Amino acid sequence: TKPVSIAELRDMRARGEKIACLTCYDASFALIEDRAGVDLVLIGDSLGMVLHGGRTTTPVTVDDIVYHSRCVAPHLSRAFLVADLPFLSYATLERALDASQRVMQEGGAKMVKLEGGREQASIVEYLSVRGVPVCAHLGLQPQFVHKMGAFRIQGRDEAAAEAMLHDARVLAEAGADLLLLECIPTELGARIAAESPVPVIGIGAGHRVDGQILVLHDILHVSPMVTLGRTPRFVKNYMTCAAEQGTPDIESAVRAYVREVKSGAYPAPEHRFDVPAPAAIRNDK
Ligand code: KIV
Ligand code: NA
């Protein structure tokens, strides 16, 4: 099998094949995800919560991301490996370049992901022109937890929705090769995906985007959020799905997730924020 590249992600989008993405942090799960047909594997800074047990992602370091990338990268023969740049590791151009160099050269990642809107455009461009592919993460941005206080759905009012649409344009123009939208109304996700020149992956961003991503421990129903009863709306328990299909094992759960992303069965209405969108951002195509 041919390794997934950025070109292949673009082709998948062009032919209308949904991109199935999942976080991963170690070798055992890397092998399973790769065999199960996950297209894109993310070393998410969610590891600060699901592996380290922190309440936020902000304590995660570049060393942590490099360490887990090194655990995962050698075991992927097909999936495309993306690594998060953790909190403040891209606060300046130089730091962003150093962090990217480490996660790519030491960790084996093929793309970095960073949070933020148009204010990150200069960093995205700086990395991009130096051969660092970038995924820009918009909408709910977990690294802003201490600034925001609490998290909720983003882009609900007209001004916020317009701003996000503009951010997406600016970031793609700056060289972002992928966009990720977290926790936004389905209509806004659809509108951004319709206008974006690059593939758009969603988490809680509805079904009318080019692919989906979830946290591995959430779909296996073992993350602290799930155990403590704070499961986000967009999470689906694929261990239950696998059990219902008579194959109650982890690889079957991951396969069920991939199958449902590809078929469009996930995200169902109960996993989406199908809230009324401001008229100006509506996209009824
Ligand atoms: O850190 C992470 O796992 C992420 C995804 C949930 C998008 O950023
Ligand atoms: Na993240």
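Bear in mind these aren't lab numbers, they're just calculated from the coordinates by the rules spelled out. Every value quoted in this text rests on a predicted model; they were computed, and no experiment measured them. Cβ atoms come from the backbone with ideal geometry, glycine included; neighbour counts cover every protein chain shown.
With a Cα cut-off of under 27 Å and a minimum spacing of 8 residues unless on different chains, the lysine pairs in the chain number 15.
Highest average first, the peptides 79-87, 264-272 ordered by how many other beta carbon atoms sit within 10 Å of their residues are 79-87, 264-272. Shown for H217, H137: other C-beta atoms within 10 Å of each C-beta, ranked fewest to most, produce the order H217, H137. Under a Gaussian network description of the chain, with springs only between Cα atoms under 10 Å, the residue in H52, H207, H75 that fluctuates furthest is H52. 3J(HN,Hα) along region 61-66, derived from phi through the Karplus expression 6.51 cos²θ - 1.76 cosθ + 1.60 where θ = phi - 60°, amounts to 10, 4, 4, 4, 5, 4 Hz, with x in place of Gly and Pro. Classify the chain as rounded, prolate or oblate from the Cα gyration tensor: take a ≥ b ≥ c as the square roots of its eigenvalues, call it rounded if a/c is under 1.5, otherwise prolate when a/b beats b/c and oblate if not. Cα axes put the chain in the rounded bin. Peptides 151-157, 191-197, 210-216 ordered by packing proxy, namely the average of other Cβ atoms within 10 Å per residue, highest first: 210-216, 191-197, 151-157. Peptide packing for 140-148, 166-174 was compared via the average number of neighbouring C-beta atoms within 10 Å per residue; ordered from the highest value, the list is 166-174, 140-148. Applied to region 96-109, the Karplus parametrisation 6.51 cos²θ - 1.76 cosθ + 1.60 on θ = phi - 60° returns per-residue 3J(HN,Hα) values of 4, 5, 4, 5, 5, 4, 5, 5, 7, 6, 8, x, x, 6 Hz, with x for Gly and Pro. Taking the centroid of alpha carbons for each part, region 224-272 and region 106-129 are 30 Å apart.
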